[in-house]
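Trainee: What follows is a structure written as structure tokens; I'll ask about it next.
The values are calculated or read from the model by the stated rules, or taken from the named source; none is laboratory data. For clarity, every value in this text was computed on a predicted model and none was experimentally measured. Every residue, glycine as well, gets a Cβ built from its backbone with ideal geometry; the counts of neighbours run over all protein chains shown. In case anyone asks, the SASA skips ligands and DNA or RNA and just uses the protein heavy atoms, side chains included. Shrake-Rupley method; radii C 1.70, N 1.55, O 1.52, S 1.80 Å.
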Amino acid sequence: MYCVILFVSSKHIVHDSCYPIQFFAMTSKKLIAPFYERLSLVLIGLLALGFFVVQGKDVLDPLVFGFLFAILLLPVSAFLEKKLKFPRSMSSLVSILLLIAFIYGILYLVGTQISKLSSDWPMLQKQVGQSINNLTAWIEDRFHVDLQSKTAFLKNTGEKIMQSGTEVVGTAFGAVSSLLLFYLFIMIFTFFILFYRRLLFKFILQAFGHDNEPIVHDIVENIQNILRQYILGLLIEMVVVATVACTAFWIIGIKYAALLGIIVGLFNIIPYLGIFTALFLSVLITFATGAVTDAIWVGGCVLGIHAVDSNLLLPTIVGSKVRLNALITFLGIVLGEMIWGLSGMFLSIPMIAIFKIIFDRIESLKPWGYLLGGDYEYKKSAEKKMKTE
């Protein structure tokens, strides 16, 4: 359709003749929604995703663990296929058996230590009662406060707590069947993800289209490398922290040095909240089985080990390819615990890292990736710019 502009005095003719050009210019422009509309859509999507995650916990929880274990075992499975010429099914099965053997070793080590603690349960009851009496007498002498009326209450409370220990142990053993079923689902999902990994990768490529193949390849490779580095780093960090803690407790002369060291190593992999849990359990068990000075020494050792770990071991062993700011990390742990409990606390950091990798490589989502990382990327890019200049 052509538009002929006539130089005439009539304004209506000029307006009517130029209308097609104006309409074409308006339609050729890309319509961009306002920020508040885009933000609303993002928030609605997050709420829908959160509802889906909460409702699908029973399936998604073992599935995500299976995904992480599959990424961790992928080099082992690939080695068995390429070097030893194993078929895909056999390599996946052998990789899972190696993982089960490793987990069984850790559980056996923890179980032997807990069995020793349970055999001394009557002694622990007596020690707690004596500790309550000593604490009451010290408060009365120190602050000149009459606690005779409170003594019976404290004593009964302590006896109830210690007597309920057997009920807690019975409940824990009753939940073993459900835990075994949960671990069985994890191993099944891990096997199928390893076995059908090429099918799943091709599906992702086809789902996002041929034009986005380079971005998809980049995201998948980075997710594999960073999550593998993160998981292996956490395992190495756990072994190092547990070894140092066991050695420190053994030097102090703690009775259950190995158990407390393992507790510190296991809970230390949970950022922020894990150290407080390990500190509380270590001090409580030491206080129930030894002197007050030993409990103080144990608390100081746990805090010192955590300080060295967070400032030296964690950046060195785990690495710094994906830096998450403290606010997002803590918020992710809290939300993970609210949604999936203890497993959510473990999975929150890897999941946030996956989202950050995706956000950093999609132009429209880069602000969200910056929010997850914070000023670290800005400082890093500024340092690179200064070096190039």
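Trainee: Taking θ as phi - 60°, what are the ³J(HN,Hα) couplings along segment 178-193 by the Karplus curve (6.51, -1.76, 1.60), each to the nearest whole Hz, with x for Gly and Pro?
Mentor: Per residue, the Karplus-derived 3J(HN,Hα) values read 5, 5, 4, 5, 4, 5, 5, 5, 4, 5, 5, 4, 4, 4, 5, 5 Hz.
Trainee: Percent of accessible area on segment 252-296 owned by carbon and sulfur, 1.4 Å probe? List each step's numbers first, then the result.
Mentor: Working: 1500 of 1850 Å².
In segment 252-296, the share of accessible area belonging to carbon and sulfur is 81 percent.
Trainee: Additional query: Over the Cα atoms, compute the radius of gyration (one decimal) and Dmax (the largest Cα-Cα distance, rounded to a whole number) for segment 24-106, in Å.
Mentor: My reading of the Cα-based Rg and Dmax gives 22.8, 71 Å.
Trainee: Packing-wise, with mean Cβ within 10 Å as the measure, how do 349-358, 275-284, 48-57 rank, highest first? Provide the component values of the computation, followed by the final result.
Mentor: Numbers: 349-358: 19.7, 275-284: 17.8, 48-57: 11.6.
So the peptides 349-358, 275-284, 48-57, ranked by packing, come out 349-358, 275-284, 48-57.
Trainee: Rounded, prolate or oblate: pick one for segment 177-279, where a ≥ b ≥ c are the square roots of the eigenvalues of its C-alpha gyration tensor, a/c under 1.5 means rounded, and failing that, prolate if a/b is larger than b/c, else oblate. Present the calculation step by step, with values, prior to reporting the outcome.
Mentor: Numbers: a/c = 3.83, a/b = 2.26, b/c = 1.70.
Verdict is prolate for segment 177-279.
Trainee: When ranked by the protection proxy of mean other Cβ atoms within 10 Å per residue, highest first, what sequence do the peptides 88-95, 360-367, 34-41 form? Don't skip to the answer; put the middle values down first.
Mentor: Numbers: 88-95: 18.4, 360-367: 12.2, 34-41: 10.0.
Answer by packing, highest mean first, reads 88-95, 360-367, 34-41.
Trainee: Keeping every protein chain present and rolling a 1.4 Å probe, give me the accessible area per residue for segment 179-235 in Å². Kindly include the intermediate steps, with their values, before the conclusion.
Mentor: On the way: 3740 Å² over 57 residues.
That works out to 66 Å² per residue.
Trainee: Under a Cβ-Cβ cut-off of 14 Å, what is the net charge of the residues other than Ser95 that fall near it, where Lys and Arg count +1 and Asp and Glu count -1?
Mentor: Values: positive: Lys82, Lys83, Arg88, Arg197, Arg228; negative: Glu81.
Once all neighbours under 14 Å are counted, the net charge is +4.
Trainee: May I pose another question? Would you tally the net charge around Gly336, using a Cβ to Cβ cut-off of less than 14 Å, leaving Gly336 out, and scoring K and R as +1, D and E as -1? Don't skip to the answer; put the middle values down first.
Mentor: Numbers: positive: Lys57; negative: Asp61, Glu337.
Around Gly336, the surrounding residues sum to -1.
Trainee: If you don't mind, another one. In segment 325-372, what percent of the accessible surface is made up of carbon and sulfur (1.4 Å probe, ligands and nucleic acids excluded)?
Mentor: Working: 1930 of 2470 Å².
Here it works out to 78 percent.
Trainee: Right, here's the next one. Could you rank the peptides 338-344, 212-218, 70-76 by their average count of other C-beta atoms within 10 Å per residue, with the highest value first?
Mentor: Put in order of decreasing packing, that is 70-76, 338-344, 212-218.
Trainee: Now for a separate question. Taking only protein heavy atoms into account and a 1.4 Å probe, give the accessible area per residue of segment 245-376 in Å². The partial results should precede the final answer.
Mentor: Values: 6490 Å² over 132 residues.
Spelled out: the 1.4 Å probe surface of segment 245-376, per residue, equals 49 Å².
Trainee: Would you check the accessible area of Asp58, probe 1.4 Å, heavy atoms only, in square angstrom rounded to 10?
Mentor: 130
Trainee: Then there's this: Tally Lys and Arg at +1 and Asp and Glu at -1 over the other residues with C-beta under 13 Å from the C-beta of Ser282: what net charge comes out? Don't skip to the end; give the middle numbers.
Mentor: Numbers: positive: Lys255; negative: Asp294.
My count for the surroundings of Ser282 gives 0.
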